[in-house]
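Each reported figure results from applying straightforward, stated rules to the coordinates on display, with no laboratory input. Predicted model, so just to flag it, every value in this text is computed and none were measured. Cβ sites come from the backbone with ideal geometry, for glycine too, and all protein chains shown count toward neighbours.
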Amino acid sequence: MTDRKTELAANLERVEQRIAGACAAAGRDRDEVTLIVVTKTYPASDVRLLAELGVTQVAENRDQDAAPKAAACADLDLTWHFVGQLQTNKARSVAGYADFVQSVDRAKLVTSLSSAAERAGRELGCLVQVALDAEAGGRGDRGGVAPDGVEELAGLIEAAPGLRLGGVMTVAPLSGTYAGQPAAAFERLREISTSLRAAWPAATMVSAGMSGDLEHAVAAGATHVRVGSAVLGVRPALG
Ligand SMILES: *Cc1c(COP(=O)(O)O)cnc(C)c1O
C-alpha cells in the first residue's frame, strides 16, 4: 500500500472503532449508523483510495470542487452527498452527480433542485437542514431552516417532482443556546425527526455528528455521521 493509503486505512479503522463503541454504548446495532466521509479540499485520488478501502458514501460542500471530483470518480459507484450551502444557480450542476442534498433550507432551493433533477432524469434524496441556533423564522449562520419551518419545507420537498424526502440534517451550532452542547443539540434534532416521521414515515435519515462530536450524535439516534478530518487529516484552509 502507498503511505497515503496506509494512513487512510488507519484513520478509518479508528473512526470505525469510535462508531462501533458509540453504538455499543447506546445499545444500537452498528449497522444502524452509516459513515459518510467528507472529502472536501482533498483530491479525487484520496476518494479513489477510500473506495478501495471500502468507503461507499462521500460528501462535498462546494459544487466547484465536487463536480470535477465526482466526474473523476464516476467509475467508483459511490453515493455522493452534498452538504454545503447551495445557491440556486448551482442546483443544476449538483443534480448531475449528487444522490443526496443534505442542505435543503428554503423553498426556492426546492424548486430549483426539483427542475434540475427532472431535467437530469434523476431522483434526488433531500434532507432538511435544521438551524438549531436560528430564532423563529430566521436562518442559522451555517445555513438551515429554523425548527418551526421544518415541516413546511418537508412538505414542499415531498410534493416536488424528482425529489424524495430523506430526513433531517444539522451541524452542531457554534452560537446560541446549543453552543458547546452537541448532546443537547442532537437530542433536539431527534425530537424534530420524530415529529417529521409522524407525518412522513419514510423520512428516516438523521444526519448529525462530525469528527469532534460523532459519539453524541450516535447516542442521540443519528443514522448518518459525516466525518472529514478524522479520516483525511486536518484541512489546511477553510473548506
Ligand atoms: C466539513 C463538514 C463535515 C466534516 O467535518 P469534520 O470536522 O472535518 O469531520 C461535516 N458536515 C459538514 C456540513 C461539513 O461541512
Within the chain, the percent of DSSP beta bridges that are antiparallel, given to the nearest 5, stands at 5
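Could you work out the relative contact order of region 2-231? I mean the mean sequence separation of Cα pairs under 8 Å and 6+ apart, divided by the number of residues, in percent. All intermediate terms of the calculation are to be shown ahead of the outcome.
Numbers: 451 pairs, mean separation 42.9, N = 230.
For region 2-231, the relative contact order is 19 percent.
With the Cα gyration tensor of region 1-111 giving a ≥ b ≥ c as the square roots of its eigenvalues, does the rule (a/c under 1.5 for rounded; else a/b larger than b/c for prolate; else oblate) give rounded, prolate or oblate?
Taking the square roots of the gyration eigenvalues as a ≥ b ≥ c, region 1-111 is oblate.
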Residues of region 83-101 with backbone N under 19 Å of the label point set 7 Å from the Cα of ALA44 along Cα→Cβ are 93-99
Output ordering of 187-200, 154-167, 14-27 (per-residue mean of other Cβ within 10 Å, highest first) is 154-167, 187-200, 14-27
Extension length gain for THR6 and ALA26 (0.36 nm per residue less Cα distance), in nm, is 4.2 nm
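Would you kindly state how much longer the chain becomes between ALA120 and GLU13 on full extension, computed as 0.36 nm times their sequence separation minus their alpha carbon distance, in nm to one decimal? Intermediate values should be presented prior to the final figure.
Working: separation 107, 0.36 × 107 = 38.52 nm, distance 3.68 nm.
Contour length minus the Cα-Cα distance gives 34.8 nm.
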Residues whose built amide H sits under 5 Å from the amide H of GLY228, excluding neighbours closer than 5 in sequence, are VAL38, SER211
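Kirkwood Rh and Cα-based Rg: tell me the resulting Rg over Rh for the chain, rounded to two decimals.
Values: Rg = 17.0 Å, Rh = 17.9 Å.
On the Cα set of the chain, Rg over Rh gives 0.95.
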